[in-house]
Amino acid sequence: MLIPELELPRSGAGIIEVRELTKRFPLHSGKELLAVDAVSFAVKPGEVYGLLGPNGAGKTTTIRMILGLLRPTSGEATIAGYSSDTKPEEVKRRVGLVSASAGLYQWLTVREMLLYFADLYGSPTAEAALELDRLTRLLDLCDLLDRRCATLSTGQKQRVHLARALIHRPPVLLLDEPTLGLDVLGSQVIVEYIGLLRDEGKAAIVTTHRLEEAERLCDRFGLMHRGQLVREGTLAELQAETGCQNLADMFLRLVGAAPTIARTAESTP
Amino acid sequence: MNKGSLSLLARMAHKELREILRDRRTIITLVLMPLLLYPLLGLGFRYFLLSLAPTGNTQFRIAIVREADELVFMELLGKLKREDPQITFIPVNNIEESLRAGDTDVGIELKGLDSHMDRLNPHQSIECVTQRMDDSPQGMKAEEFILDRLTIANIKILQQRLRKSSNVSEPALPIQVDTKLIKTQEGPKGSYLASLIPLVLVLMTITGAVYPSIDLTAGERERGTLEILMAAPVSRVALLLAKYVAVMTVAILTGVINLTMMTVTIAVSGMGKELFPDGLSIGMMASVLALLLLFAAFFSAVLLAVTSFARSFKEAQAYLIPLMLLAISPGLVSLMPGIRLESPFLMPIAPLINVVLLAREILAGGAPYGPGAVVVLSTFFYAFAAVTIASRLFGAEAVLYSEQGQFSDLFRRPIRQRAVATVNSAVLSLAIVFPLTVLIGSGFAQLPLTPEAILLVGMAASAALFVGVPAGAAYMGNVRPVSGFALRPSSVLPIAGAVLLGISLWPLVAQLIVWQEHLGLSTMPQILREKLGELAQQNREMSPLIVLMAMALVPAVVEEIFFRGWFFSALERSLEPLYAILITSILFGLFHLFTGGFLLAERLLPTTLLGIVLGFVRWRSGSVWPGILLHVLHNGLLVSAALFPITFGGLNKAVEGGGNVPLQWLLGGALIASIGAAIVWMTRPNSNHVKSSEMESTP
């Protein structure tokens, strides 16, 4: 097997760095689908980055490439300096993933499931027990711990997913539609908790369609459309650039407009 | 794999098992099905046999040898009532002959008493032996009737005796009954129906593994747990291995439960004699169990490879239906009476059918060692290959995200060039080459060709296999030939050492074979010995150049390229040199076990030892060339000793199997070999240096 020498983490502005990330999928017709087109951005520790865009914009594919679940056609994503293409295990160790399409093990109890994942991520047993305790209190899982996962409600499941993504204390969180299908109260818990994580200094990328929620939650935004990152900046920067007051209006303008709006990525710090 | 990752693997497998075993559906196939199936099969079988017997007013024809027995026997049976069957006694000369001819239904012989029994004498007893054909329903009914009656008689007589004197401490059984079955036909032992049993066992083992293998692969993908599993920092191979261990455990559990239920059913229903005239021993059951374990290991891997490919439960089921049909049809072939493990030469390497046939031979009282070993080894290699394929498919991009990926991605040549083959692809080529070598070894000798042509065809075929298969794999895996086959030039020292080893080892090897024979380790059948003698004579009549090329040069070169070139290089990257040497040499030895369709145990040790020397040379030199030289010289001298009896004198006798190698040759050989080994040892293994420069090779 070809294993290159251990790469030392490169120092950079962000703990998450995405450079010219591109993914093409071959189609059955013989043509190619350009799902992600030379996307670049960076996220610092303690920052929540909202990756927004209509369905099919390439948000999920981007997240999967950052984590090393998909191989980029070209470009690179790094977490703490480790490339997700060549050092996927180092990357995975540092990332917690919450995804709307993820499921739970039906026949395991919540406790078994959480401790199993702690084990997969290499957490020592004692540490995992402490972390389980902490997450149980924070996410209000006390009554759920010994229930089989199949018996949980959607909101309960999502809290378990969050706990599962956090049990190995990752510095980076990738949250793909974390509030999909949740009621107002359920989303509230998740949003509040992501705020807590920011205070702990974790870096997070969140994709969501709930724009008002994103406005409250995220420090910076990247708007994606047809595989490209067409705008990037804080809410104030975006408001100034587009003249729109909220994300929803920007979003509508975006979908209606041509995809080649001038990039503003350079103007951000 | 280190200790930590092994224990993680165990914990992962444990979790998978916990999940499967909590699922009620698994329990149904695991426990409930066998609990119901075997008693039902047993009942059905019995009913089937009994239904063959004519109904209505039954009449039993009992064969006796001594006419006096009729009276004694009738007295034992007691008075016949109207509803009882009619009994006719027919005096015959030979009971078996009359049973075979169908003149009588059952035969009896009374022993130990000439006249009627004194019912009150506690010391008197009589032995009654019944005989019948194993496939005669009427005979079975008659026997059953007699046994019932004799049991009643036993009880009655015992009661009378006890009433008379109650101080009998251990009353002997007044009538001792023994039953004998006469086999309908010679040839494959056991009844025709007994050959169904291995098939049923194998199919049930498959059934047990199907559900968990779908659930743990396609099921996980469908439920969305596969993605979070893949997001964890655990390699795909480790995830798959954990699932493999879990599926295999369930398959083995199913196999064990099925085997137990089958044994219990047979024991309880008393069908043992019907099915297994020679009886069922614990050793037989243990061999069948071992075979089932091996089969479970193989089939679980195949199932995982297929279900890893599927993206949903439904899709997996759709793939499995043809696979199950494929699995059942060779199983049905194995039911045909003429099919035996040895007969058509490809049976021992045909997957599934070989296991069914071997199990049948074991249950029939004994399996041939040679084909048996081929079955075990080839199944083992197939299992390995299937695991390899499964680990390539499992969690692959195209499977994980079906909406975007394509299956052809899985077979695309990697862009990045590799220095050596992956262990996976090395094992895969091994799994292809091994059964085909066996096939060639036994198949070509039967071709209607001249001896020269057979030699040349065999030579070409083995060259194509040993070089062609890894060359194809190297192309598909984008492996650089020079490093992948260790074709880099060697320095002078190991070449010199290899030459010395090449000219000196063969008398030692010849003597080792002689010693093994003295110790009785030889499994060479006489027929082959004679054949080999003829062959040696034939060879002497052929051009020595052709013989040397076909028997010494080409095998040596292609085997080195395969074992020390391709396989060793793949192992060397991830294993300590010692293990790489040991594994290649044991495999090298195993490959030489089978020659011309026979299992030759005496070849295992010498070839394995030679393999260790060759591996050692390969390790120190980092190149395949010195080993090729050594191997060619070694083979060449051994073959020459057989070809030129006059030149080689006493050595020829040893090689031909007629005496010891002269002592001076042994001592000289040992001395030169030690010097050669020391020279090779003096070379520092510089392959690491070569490797590191090759590793960076990217296009």
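The values are calculated or read from the model by the stated rules, or taken from the named source; none is laboratory data. Since this is a predicted model, take the numbers as computed values, not measurements. Reconstructed Cβ throughout: ideal geometry from the backbone, glycine too, with neighbour counts over all protein chains shown.
Just one residue in the set B:Ala471, B:Ala463, B:Ala486, B:Ala496 is crowded, with 21+ Cβ neighbours inside 10 Å and among the aliphatic types (A, V, I, L, M); that residue is B:Ala486. Being facing another protein chain (nearest Cβ under 10 Å) and either in contact with a Cys (Cβ under 9 Å, 6 or more places away or on another chain) or over 23 Å from B:Asp215 (Cβ atoms) (or both) holds for only one residue in A:Leu162, A:Leu115, A:Leu104, and it is A:Leu104. Checking each residue in the range A:26-37 for being under 30 Å from A:Pro170 (Cα atoms) and within 14 Å of another protein chain (Cβ to nearest Cβ) picks out A:Ala35, A:Val36.
Results for (1) in a helix (DSSP H, G or I); (2) within 15 Å of A:Gly96 (Cα to Cα), shown as yes or no for each residue.
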{"site": "A:Ser123", "(1), (2)": "no, yes"}
{"site": "A:Leu130", "(1), (2)": "yes, no"}
{"site": "A:Leu135", "(1), (2)": "yes, yes"}
{"site": "A:Leu145", "(1), (2)": "no, no"}
{"site": "A:Gln158", "(1), (2)": "yes, yes"}
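Among the residues of the range A:22-51, those identified as within 24 Å of A:Arg220 (Cα to Cα), among the aliphatic types (A, V, I, L, M) and out of contact with any helix residue (DSSP H, G or I) (no Cβ under 9 Å at 6 or more places or on another chain) are A:Ala38, A:Ala42, A:Val43. What about B:Ile214, is it buried (at least 24 other Cβ atoms within 10 Å of the Cβ), modelled with pLDDT under 85 and more than 14 Å from chain A (Cβ to nearest Cβ)? No.
In the range A:42-76, how many are crowded, with 21+ Cβ neighbours inside 10 Å, on the phi > 0 side of the Ramachandran plot and out of contact with any His (no Cβ under 9 Å at 6 or more places or on another chain)? Adding up the residues that qualify gives 1. Reported count of residues in the range A:57-76, each being in contact (Cβ under 8 Å) with a residue 60 or more places away in the chain and either in contact with a Pro (Cβ under 8 Å, 6 or more places away or on another chain) or not β-branched (Val, Ile, Thr) (or both), is 4. Filter the range A:52-94 down to the residues that are within 7 Å of chain B (Cβ to nearest Cβ) and not in a loop (DSSP other than H, G, I, E, B), then identify the one that is nearest to A:Glu212 (Cα to Cα). Only one residue fits best here, namely A:Leu67.
Just wondering, is there one or more residues in the range A:6-22 that are assigned to a loop (DSSP other than H, G, I, E, B), at pLDDT 85 or above and away from chain B (no Cβ under 14 Å)? Looking through the range A:6-22, at least one residue is assigned to a loop (DSSP other than H, G, I, E, B), at pLDDT 85 or above and away from chain B (no Cβ under 14 Å). Just to be sure I understand, how many residues within the range A:77-98 are surrounded by 18 or more Cβ atoms within 10 Å (Cβ to Cβ), touching a residue at least 24 places away in the same chain (Cβ under 8 Å) and in contact with a Leu (Cβ under 8 Å, 6 or more places away or on another chain)? Residues that pass the stated criteria total 7.
The residue list B:Pro351, B:Pro371 contains one member that is in a loop (DSSP other than H, G, I, E, B), away from chain A (no Cβ under 14 Å) and modelled with pLDDT of 70 or more, which is B:Pro351.
Against the numbered list (1) among the hydrophobic types (A, V, I, L, M, F, W, C); (2) under 27 Å from the mean Cα position of the chain (by Cα); (3) within 27 Å of B:Val457 (Cα to Cα), B:Leu629 comes up short only at (2). Checked against the criterion of being away from chain A (no Cβ under 14 Å) and touching an Asp or Glu at 6+ places or on another chain (Cβ under 7 Å), the candidates B:Ile612, B:Ile561, B:Ile628, B:Ile586 yield just one match: B:Ile628. The set of residues in the range B:474-483 being surrounded by fewer than 24 Cβ atoms within 10 Å (Cβ to Cβ) and not in a helix (DSSP H, G or I) consists of B:Gly477, B:Asn478, B:Arg480. If B:Tyr244 passes every condition in (1) within 14 Å of chain A (Cβ to nearest Cβ); (2) farther than 25 Å from B:Leu35 by Cα but one, which one does it miss? Failed condition: (1).
If you take the residues in the range A:184-218 that are assigned to a helix (DSSP H, G or I) and within 11 Å of A:Leu173 (Cα to Cα), which one is nearest to the chain's Cα centre (by Cα)? Filtering first and then ranking leaves A:Ile194.
Residues in the range B:217-241 that are among the β-branched types (Val, Ile, Thr), within 13 Å of chain A (Cβ to nearest Cβ) and part of a helix (DSSP H, G or I): B:Thr225, B:Ile228, B:Val237. Out of B:Lys273, B:Lys314, one residue alone is of a type in the set (D, E, K, R), over 25 Å from B:Leu377 (Cα atoms), part of a helix (DSSP H, G or I) and modelled with pLDDT under 70. It is B:Lys273. Scanning the range B:98-139 for residues that are at pLDDT 75 or above and among the basic types (Lys, Arg) returns B:Arg100, B:Lys111, B:Arg132.
In the list B:Ser343, B:Ser329, which residue meets the criterion of being outside any helix (DSSP H, G or I), modelled with pLDDT under 80 and farther than 30 Å from B:Arg223 by Cβ? Being outside any helix (DSSP H, G or I), modelled with pLDDT under 80 and farther than 30 Å from B:Arg223 by Cβ holds for just one of B:Ser343, B:Ser329, which is B:Ser343. For the structure I just gave you, tell me whether A:Arg134 is within 28 Å of B:Phe394 (Cβ to Cβ) and surrounded by fewer than 24 Cβ atoms within 10 Å (Cβ to Cβ). When the stated conditions are applied, A:Arg134 does not pass them.
Suppose the filter is surrounded by 19 or more Cβ atoms within 10 Å (Cβ to Cβ), on the phi < 0 side of the Ramachandran plot and in contact with a Pro (Cβ under 9 Å, 6 or more places away or on another chain); does A:Val160 pass it? Here the answer is no, as A:Val160 does not meet what is asked. The set of residues from the range A:111-151 being under 18 Å from A:Ile190 (Cα atoms), touching a helix residue (DSSP H, G or I) at 6+ places or on another chain (Cβ under 7 Å) and without any contact (Cβ under 8 Å) to a residue 24 or more places away in the chain comprises just one member, A:Cys142.
Say whether the condition of being modelled with pLDDT of 75 or more and outside any helix (DSSP H, G or I) is met by at least one residue in the range B:452-463. No: the range B:452-463 contains no residue that is modelled with pLDDT of 75 or more and outside any helix (DSSP H, G or I).
A:Arg147 passes every criterion in (1) in contact with a Cys (Cβ under 8 Å, 6 or more places away or on another chain); (2) more than 11 Å from chain B (Cβ to nearest Cβ); (3) not hydroxyl-bearing (Ser, Thr, Tyr) apart from (1). Residue-level analysis places A:Val91 among those that are at pLDDT below 95, more than 19 Å from A:Leu223 (Cβ to Cβ) and of a type in the set (Val, Ile, Thr).
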